[in-house]
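Provided herewith is a single structure, encoded as structure tokens, for subsequent inquiry.
Just so you know, all these numbers are worked out from the coordinates, no wet-lab data involved. Note that this is a predicted model, so its numbers are computed, not measured. Methodologically, a virtual Cβ is constructed for each residue, glycine included, from the backbone with ideal geometry; neighbour enumeration extends over all protein chains shown.
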Amino acid sequence: MAVSDTQLANAIRALSMDAVEAANSGHPGMPMGMADVATVLFTRYLKYDPADPHWPDRDRFVLSAGHGSMLIYSLLHLTGYARPTIDDIRNFRQLGSPCAGHPENFELPGVECTTGPLGQGVAMAVGMAIAERHLNAEFGDALVDHRTWAIAGDGCLMEGVNHEAIGLAGHLGLGRLIVLWDDNRITIDGSTTLSTSEDIPARYAATGWHVVECDGHDPASIAAVLDAAIAEEGRPTLVRCRTIIGKGAPNKGGSHKVHGSPLGVDEVAATRLALVWESEAFALPDDIRDAWAEAGRAAAEFHAVWKTRAAGDAQYAEFLTRMAGDFSAEDVARIALDDIARGGAKVATRKSSELVLEKLTAAYPALIGGSADLTPSNNTQTKAMATAMTAGDYTGRYIHYGIREFGMAAAMNGMALHGGIIPYGGTFLVFSDYARPAIRLAALQQARSIFVMTHDSIGLGEDGPTHQPIEHVMSLRLIPNLDVWRPCDSVETAEAWACAVARKSGPSLLALTRQNLRQVREAGAENLSARGGYRLRAAVAERRVVLIASGSEVEIALDVADALEAAGIGADVVSMPCWSRFDAQPVEYRDGVLPPLAPERLLRVSIEAGTTIGWERYTMVQGLRFGIDRFGASAPAPELYDHFGLTAAKIVPQVTAKLKEMTA
Ligand SMILES: Cc1ncc(C[n+]2csc(CCOP(=O)(O)OP(=O)(O)O)c2C)c(N)n1
Ligand SMILES: [Mg+2]
């Protein structure tokens, strides 16, 4: 007897409730409620290949409602992915199991992105859909022809980032994007009526989306709307799935009680009875297991068809190289540093960045640029990107994200994770706060997103404290796996870009100046910035001081060193453009740059136009830290530097006084 859709869906329900029960933690409601929709999607529509999860033309599936992680773990297991195994699922949420609390892309092939922070999954799906259309425009239907599907909950649709992202998706007419909304009218606190009266379909329609509705427990109804969604070419589709949270649990289903707690022994037993599910926990009837495995094999047919088609395409090899995304750091650096400005004119690092990008974007079609409506300030649009991406022309390599910093950053992550694209996007550094949750998720997901953040200090001047970053650079350094760069001149800017582009394992953020800076160094054979910090100038007189600075304050450190040397006090100057890179160097290297001598013998001094908290890491508490531990002010930049004491004239006497005090 053929296995019904409902029986297939019940396998998801059983695995989900049993795994949550075993872990005594997790969210059974969402997987049980969306089991029917997911079953129709994974057995009839989605293009995937359990034997080759990274096949480039697969559909992308994003579980934006990441708390429902057991849904995707069940699906991957049932359709025949190598992981998770049934033991992995038994160990749901335990140390060492790839079935983490929320889905993590680095744990399981088949999990396209890390979700859990609500709303970001939808925004990443938008980025994936952009990537697909762009690569399709470049490589053609034979190689790139897939869809992006996301399952989102009420929470995902309430989050502000959702609105930013769908505005962009609607504007770009992303017809290959389909969001399945789990409209169960329940969130943690209870009914959605506690907190919202929004007409969500009307909002989506107003941003240019196609909106359809189905009974999320009726396979025929679900299939009919998925057909309608696929038929819609020019607009993204929101599928409103009317569902019951925890469907199948006779007493707790439909209530917020099943959102994030185990059902409990009694309710699990009652659910087994209600579903007529006789198997033990984690066991599956053979016919149902076979039917799911068959669905996985059937989906893989898409891959087989693609392979034959793609292999005959003239651009096949180039496409595979592009998707692999391997770049030699040396090659990128050579291009970035080619013909770099020497000596002479002062130039802002945002301008240096533009000059570097001219070369890199001409050389690497994978780079897709953009800005959150600050293109002329961020200097992010190069000649190779003269054409913007639009609904009518996806070949464009520049994206006008609008004033949507968070949406931009999350969409960039989606593009980076899709593959074939290295996204960079600009805004003012102070607004990194608006993008921060996506910057964090880029780092966690090991996504190669490059954040171009200009106007990086009080050096921006007259716009005043609302626009002047203080704590930003330091707080961004706290994010694990994020390379935060603050280059001091055009050479360091080129070196930082080279590192960022070649870095496959995570995001980079470039903090760049508005104001012009001296060029302090010539390019050499080695990318010195890649070390994170290096001795820019060695002491001439007997060394008593090490001055450590980043970005625009490096030239101040050089001035301080000049004055100290003139007084017979030897001072090294260390340029420290990237802490995380420096900390990753072998101890011998670090000790060479910052010799581990007692402060009486070698005073360490930091200079950075931002919070001083944290610089103790390198100056030690006995050292001196020059920075700004309050909000800035509105004035021309040179006056502000003087006002906040960040000039050689103000720093030198404090250094000499400290030296005296320590040797007294
Ligand atoms: C940004 C963010 N805020 C809060 C949470 C905590 N949280 C997890 S699920 C949830 C409720 C989500 O409701 P809904 O999307 O309707 O999921 P359902 O209860 O229907 O499964 C909340 C507030 C989160 N994961 N992410
Ligand atoms: Mg809900």
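If you fit an axis through the alpha-carbon atoms of helix 5-23 and take the longest principal axis of the Cα set of the chain, what angle between them do you get, 0 to 90°, nearest 10?
It is inclined by approximately 50 degrees.
For residue 383 and residue 518, FRET efficiency with R0 = 22 Å and r from the beta-carbon atoms, rounded to 0.05?
Working: r = 27 Å, r/R0 = 1.23.
The formula returns an efficiency of 0.20 here.
If you don't mind, another one. Under 17 Å from a label point 7 Å along Cα→Cβ of residue 661: give me every residue in segment 566-599 with its amide N that close.
Once the point is set 7 Å along Cα→Cβ of residue 661, 599 turn out to lie under 17 Å by backbone N, inside segment 566-599.
Compute the length gained on full extension between residue 589 and residue 339: take 0.36 nm times their separation in residues and subtract their Cα-Cα distance, giving the result in nm to one decimal. If you can, show how the numbers build up before the last one.
Values: separation 250, 0.36 × 250 = 90.00 nm, distance 2.94 nm.
Net length gain for the segment: 87.1 nm.
Helix 432-445 versus the longest principal axis of the chain: what is the Cα-based angle in degrees, 0 to 90, to the nearest 10?
So the helix axis and the longest Cα principal axis differ by about 70 degrees.
A further question follows. Is the shape of segment 358-467 rounded, prolate or oblate, going by the alpha carbon gyration tensor and its root eigenvalues a ≥ b ≥ c, with a/c under 1.5 for rounded and a/b larger than b/c for prolate?
Working: a/c = 1.86, a/b = 1.30, b/c = 1.43.
It comes out oblate by the Cα gyration axes.
While we're looking at this one, here's another question. How tilted is helix 349-363 with respect to the longest principal axis of the chain? Cα atoms for both, answer in degrees (0 to 90, nearest 10).
The answer is roughly 50 degrees.
Rounded, prolate or oblate: which fits segment 1-75 when a ≥ b ≥ c are the square roots of the eigenvalues of the alpha-carbon gyration tensor, with rounded for a/c under 1.5 and prolate only if a/b beats b/c? Could you put the intermediate results ahead of the total?
Working: a/c = 2.06, a/b = 1.31, b/c = 1.57.
Oblate shape, in that a/c is at least 1.5 and b/c is the bigger or equal ratio.
Among 201-214, 537-550, how do they line up by average Cβ neighbours within 10 Å per residue, starting with the highest? Numbers along the way, then the final one.
On the way: 201-214: 18.0, 537-550: 20.4.
Taking the mean over residues of other Cβ atoms within 10 Å, the ranking is 537-550, 201-214.
Same structure, new question: Once you place label points 7 Å from the Cα toward the Cβ at residue 85 and residue 562, how far apart are they in nm?
6.7
Mind checking the dipole of segment 429-488: about its Cα centre, +1 per Lys or Arg Cβ, -1 per Asp or Glu Cβ, Debye to the nearest 20? Present the calculation step by step, with values, prior to reporting the outcome.
Details: 5 positive and 6 negative charges, 69 e Å.
That gives a dipole near 340 debye.
Calculate the dipole size of the chain relative to its Cα centre from +1 charges on Lys and Arg beta carbons and -1 charges on Asp and Glu beta carbons; express the result in debye to the nearest 20. Let's see the in-between values first.
Values: 59 positive and 80 negative charges, 264 e Å.
The dipole magnitude comes to about 1260 debye.
Compute the Cα gyration tensor for segment 253-366, then decide on rounded, prolate or oblate, letting a ≥ b ≥ c be the square roots of its eigenvalues: rounded whenever a/c is under 1.5, prolate when a/b is larger than b/c in the other cases, and oblate in all that remain.
oblate
Where does the Debye-calculated log10 I(q)/I(0) of the chain sit at q = 0.06 Å⁻¹, using only Cα point scatterers of equal weight, no solvent?
Log10 of I(q)/I(0), two decimals: -0.38.
Which of the listed residues, 488, 66, 370, is farthest toward the dipole's positive end in the chain, when Lys, Arg count +1 and Asp, Glu count -1 at the beta-carbon?
488
If you don't mind, there's one more thing I want to ask. Counting only helical runs of four or more DSSP H residues, what would the 222 nm mean residue ellipticity of the chain come to if each run contributes -39,500 (n - 2.57) and the total is spread over all its residues?
Working: 26 runs with 276 residues, N = 664.
The per-residue figure over the chain is -12500 deg cm²/dmol.
Dipole size in debye (nearest 20) for segment 294-352 around its Cα centre, Lys and Arg Cβ +1, Asp and Glu Cβ -1? Numbers along the way, then the final one.
Details: 9 positive and 9 negative charges, 84 e Å.
Approximately 400 debye in magnitude.
Could you sort 20-26, 395-401 so that the peptide with the highest average Cβ count within 10 Å comes first and the rest follow in order?
On the way: 20-26: 18.7, 395-401: 20.3.
By packing density, highest mean first, the sequence is 395-401, 20-26.
For residue 47, go through the lysines and keep the ones whose alpha-carbon is under 29 Å away, minus same-chain ones fewer than eight residues off.
247, 307, 504
So, one more: Put +1 on the Cβ of every Lys and Arg and -1 on every Asp and Glu Cβ in the chain; which of 596, 413, 131 then has its Cα farthest towards the positive end of the dipole?
Positive-most Cα among the choices belongs to 596.
Next question. Net charge within 11 Å of residue 84 by Cβ-Cβ distance, Lys/Arg positive one each and Asp/Glu negative one each, not counting residue 84 itself? Walk me through the numbers before you get to the answer.
Numbers: positive: 83, 90; negative: 87, 88, 107.
That sum, taken over residues with Cβ under 11 Å, equals -1.
Can you tell me the Rg and the Dmax, both Å, for the Cα atoms in segment 474-559?
Expressed in Å, the Cα Rg and Dmax of segment 474-559 come to 13.7, 43.
Where does segment 435-506 land on the Kirkwood hydrodynamic radius, alpha-carbon pairs, in angstrom?
Details: mean 1/r = 0.0752 Å⁻¹.
Taking every pair of different Cα atoms in segment 435-506, averaging 1/r and inverting gives 13.3 Å.
Under 5 Å between amide H atoms, partner at least 5 residues away or on a different chain: which partners does residue 370 have, H built in plane at 1.01 Å?
Residues meeting the criterion, in which the H sits 1.01 Å from N, are 399, 424, 426.
Go through 330-338, 296-304 and give me the packing order, highest mean Cβ count within 10 Å leading.
Output ranking for 330-338, 296-304: 330-338, 296-304.
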